[in-house]
Amino acid sequence: MNPLFSVVVTLYNEEENISRLIQEVSNALKDFSYKLIFVDDGSTDKTIAEIKKNAHSDVTLIQLTKNYGQTTAMAAGIDCSTGDYIVTMDGDLQNDPHDIPMMYKALIDNQVDVVAGCRHKRQDFYLRKLFSRIAGKLIRSLSGVYVRDFGCTLKVFKQKTAKQLDLYGDMHRFIPILAHFKGAKILDIDVNHHPRVKGESKYGFGRTFKVLSDLILLIFFKKYLRRPIHLFAPLGIISLLIGGFINSYLLFLKILGEDIWGKPILILGVTLLLAGIQFITFGIIAELIMRIYYNANNQKTFEIKKIYEFSETNKVLP
């Protein structure tokens, strides 16, 4: 029988938090059937050993072959989940598993597909919160998806919605947008947020600036994924028309005896012609890639080294 919840926790060097995390989830979900799925994303410390030491029968450990990143690790956990509802949360104990029952009730009562957490009284330093707020406003304005806190990992999904997310790259922060693309109904509610007590944050400011490039990609997916030629062909045609007009004008001047060689406008005209051809060619290639993508076999973006199941006495099952 499938559990009610599959709680997916991605881990990278979180050995100091494992024991308490397992206990907190157990306390929070003692009245529900659940499976706590740890995805070790290539940890180099004693994270795996700590999981084996503290695990029980409601715990599963997925060990990836290397460090793929949080998005891919999350995709691996979701792929292996069998719960009717899938929960994602961080392994640093800043998310509070005691919020899960409340989020589940909100999902049922409001008949939505995803409940996203919004970190109330967020326990992070000022600059990190500032960059997050700026990024959030930009994402909301460009995507049209209103979620107050895109950076909160704590979310509860219907299984079908989570399985359809198509996570790859660094897209975990855009999960509400990906779910929206699939037609999911989303609700965000306030959740607790605790300061990190043990371990080190894996967050860097460089990741903040990746949001812009990822957002551009998402907007492309939203409008032009299925027909990229509709984006590139108009750009190519406009470029060809302008380039053609400039070169026709220069040809007319040449006929009148004007010396046009070496003039910047000649270079501009030729460049626009070449750019137009490239835009159209790129659009055709993108169309072919999309057709291959939709017809290809279901390929995984991760490779699992081993999956561990445990007994009540912490023994690793074969």
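Applying a DSSP loop filter and a limit of 16 other Cβ atoms within 10 Å to the chymotrypsin sites (Phe, Trp or Tyr not before Pro) in the range 6-35 leaves Phe32.
When you filter the trypsin sites (Lys or Arg not before Pro) in the range 35-142 for DSSP loop state and at most 13 other Cβ atoms inside 10 Å of their Cβ, you are left with Lys66, Lys121. A simple spin-label model places pseudo-atoms 7 Å from Cα toward Cβ; at Arg148 and Ile265 they are separated by 5.8 nm.
Per-residue accessible area (protein heavy atoms, 1.4 Å probe) orders Phe232, Phe282, Phe310 as Phe282, Phe232, Phe310, starting from the largest.
Segment Arg227..Asp109, full-extension length gain: 38.7 nm, with 0.36 nm per residue of separation and the alpha-carbon distance subtracted.
Expressed as a whole percent, the accessible area of the range 1-88 that falls on carbon and sulfur atoms is 42 (1.4 Å probe). How big is D for the range 48-164, in µm² s⁻¹ as a whole number, if Stokes-Einstein is applied with the Kirkwood radius of its Cα pairs at 20 °C and 1.002 mPa s? Reported coefficient: 132 µm²/s.
The values are calculated or read from the model by the stated rules, or taken from the named source; none is laboratory data. Remember, predicted model here, so these are calculated numbers, not experimental data. Note that each Cβ is placed from the backbone with ideal geometry, even for glycine, and that neighbours are counted across all protein chains shown. Accessible surface is based on the protein model in full, side chains and every heavy atom, while ligands, DNA and RNA are left aside. Shrake-Rupley method; radii C 1.70, N 1.55, O 1.52, S 1.80 Å.
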